[in-house]
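Encoded as structure tokens, the structure appears first; notes follow it.
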Amino acid sequence: MDSPDKQPHPRARHTSTRVPHAVQREEEQRRAKKRSKEQLRTESLMLRREAFVLRETSYGQIAAASLSWIQSLGRCSVANIFTREFSTALVPRDPSPEISMSSLQRARALPSSEFLQQKDRASNYCVEKPQNAAAILRKKIFCSQQVQQTRLAPAERIKQGFQRFKQETYNQKPELFSQLATGQHPKFMVIACSDSRVCPTTILRFQPGEAFVVRNIANMVPPPEQVSTGLETFLSSPKTLSSQAGYPGTSAALEYAVTALKVENILVIGHSRCGGIKALMTQKENTNKWSSFIEDWVEIGRPARAVTLAAAAQQQVEHQCTKCEKESVNVSLANLLAFPFIKEAVSSGTLALHGGYYNFVEGSFEYWWYGIDGKSQVSKF
């Protein structure tokens, strides 16, 4: 029989079986605490982001400070994803140290009470997948950027816009701008609406020197006889000046583009929810004029209105406007062929006419070729 001093104590044997469980519980608690701490840090970041966006600072300052905070989180996977999102899409290429540092200092100075008040809102980011959270945050910041830009003083907005253009475009293409300094040789002339949502160089990615652009209300081209009549009326009685009389700007641009610049393509672009077309479609007969220039100008599209009412008289106004927006492009294209120098260039094959319709609600673009014999089938991109 073993001696008593060699036998294991009952309580010791019991303890030896429980120690691993206790260690495991402690390890789980430690991990849970670590996860909770990382989640808290992530929430803090989101709250700082929310509060910081609401402050009246410039977009560059917001993005630079946000990146600094995100990078400070280190190993957090969410932070790594956010860092990649900001560095590739949101932060300017070379944010100045002064902007980054001052923004970071302002972010750190924000009281924690502002963050805690928005804790529930920020926690929504943490329950999402990191990629989804990054996308949501990115969208919110983009919207905030647009709001912040509208609050900037005009001179500051102009300054920032030019500096960004110079840094991202002008300085990156010295050979192109050296060539443009000697003269322009665009292949396209584009006639588009003045609507701020429809910038042809943006939606079609025209580079500097590639497109000669004219923008007016509802992207309309007056027929040459209407311009001539208006000019004669103005010269005989200047007091009867209308938007078509006296200063035929669109027609002068057409003449210069075709005869001097020798453009090879003219593209007329209509667009969705055009205010000029809506004014044309909602005009009332035999009523007093409500504008000094707009009503006279949109009368150019009267043939498009007639075609629309003949085909969609029973439709709602929104549907009629959409159809008229496309028909007015064809009216402008037909008016282009009424200019002798354009018709001659099209007949000789040195000039081609194109129609387009940009729907910024759906994010689509319709295209068709327009010649002396009519137009081609519409292609939708």
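The values are calculated or read from the model by the stated rules, or taken from the named source; none is laboratory data. No experiment lies behind these values; they were computed from the predicted model shown. All Cβ positions, glycine included, derive from the backbone under ideal geometry; neighbour counts span all protein chains shown. Note: areas computed on protein heavy atoms with side chains; ligands, DNA, RNA excluded. Shrake-Rupley method; radii C 1.70, N 1.55, O 1.52, S 1.80 Å.
Scanning segment 247-271 for residues that are in contact with a Lys or Arg (Cβ under 9 Å, 6 or more places away or on another chain) and surrounded by fewer than 23 Cβ atoms within 10 Å (Cβ to Cβ) turns up 264, 265.
In segment 341-354, what residues are surrounded by fewer than 17 Cβ atoms within 10 Å (Cβ to Cβ), in contact (Cβ under 8 Å) with a residue 40 or more places away in the chain and either closer than 20 Å to residue 193 by Cβ or not aliphatic (A, V, I, L, M) (or both)? Once the filter is applied, which keeps residues that are surrounded by fewer than 17 Cβ atoms within 10 Å (Cβ to Cβ), in contact (Cβ under 8 Å) with a residue 40 or more places away in the chain and either closer than 20 Å to residue 193 by Cβ or not aliphatic (A, V, I, L, M) (or both), segment 341-354 yields 341, 350.
Being more than 31 Å from the chain's Cα centre (by Cα) and either among the charged types (D, E, K, R) or closer than 17 Å to residue 218 by Cβ (or both) is the filter here; which residues of segment 280-297 pass it? Before you say what the answer is, go through the steps one by one.
The first filter runs over segment 280-297 and keeps only residues more than 31 Å from the chain's Cα centre (by Cα), leaving 283-290, 292, 296.
Within segment 280-297, 283, 284, 285, 289, 290, 292, 296 meet the criteria.
The set of residues in segment 310-323 being within 23 Å of residue 268 (Cα to Cα) and in contact with a Lys or Arg (Cβ under 6 Å, 6 or more places away or on another chain) consists of 321 alone.
Could you pull out the residue among 306, 338 that is under 22 Å from residue 221 (Cβ atoms), surrounded by 12 or more Cβ atoms within 10 Å (Cβ to Cβ) and either in contact with a His (Cβ under 9 Å, 6 or more places away or on another chain) or without any contact (Cβ under 8 Å) to a residue 24 or more places away in the chain (or both)?
Details: 338 fails: either in contact with a His (Cβ under 9 Å, 6 or more places away or on another chain) or without any contact (Cβ under 8 Å) to a residue 24 or more places away in the chain (or both).
Going through 306, 338 in turn, just one is under 22 Å from residue 221 (Cβ atoms), surrounded by 12 or more Cβ atoms within 10 Å (Cβ to Cβ) and either in contact with a His (Cβ under 9 Å, 6 or more places away or on another chain) or without any contact (Cβ under 8 Å) to a residue 24 or more places away in the chain (or both): 306.
Out of segment 321-344, which residues are charged (D, E, K, R) and more than 23 Å from the chain's Cα centre (by Cα)? Within segment 321-344, 323, 327, 343, 344 qualify. Checked against (1) in contact with a Lys or Arg (Cβ under 7 Å, 6 or more places away or on another chain); (2) open to solvent by 30 Å² or more (accessible area, probe 1.4 Å); (3) closer than 19 Å to residue 212 by Cα, residue 357 passes all but a single condition, namely (2). In segment 359-366, is there at least one residue being part of a strand (DSSP E or B) and within 17 Å of residue 277 (Cα to Cα)? Yes, segment 359-366 contains a residue that is part of a strand (DSSP E or B) and within 17 Å of residue 277 (Cα to Cα).
Apart from one condition, residue 347 fits all of (1) within 34 Å of the chain's Cα centre (by Cα); (2) assigned to a helix (DSSP H, G or I); (3) not basic (Lys, Arg); the exception is (1). Exactly one residue out of 159, 187 is open to solvent by 80 Å² or more (accessible area, probe 1.4 Å) and at pLDDT 95 or above: that is 187. Restricting segment 199-222 to residues that are assigned to a loop (DSSP other than H, G, I, E, B) and surrounded by 20 or more Cβ atoms within 10 Å (Cβ to Cβ), the residue that is nearest to the chain's Cα centre (by Cα) is 220. Kindly indicate which of 207, 226 is more than 17 Å from residue 255 (Cβ to Cβ) and modelled with pLDDT under 95. Criteria check complete, one pass: 207.
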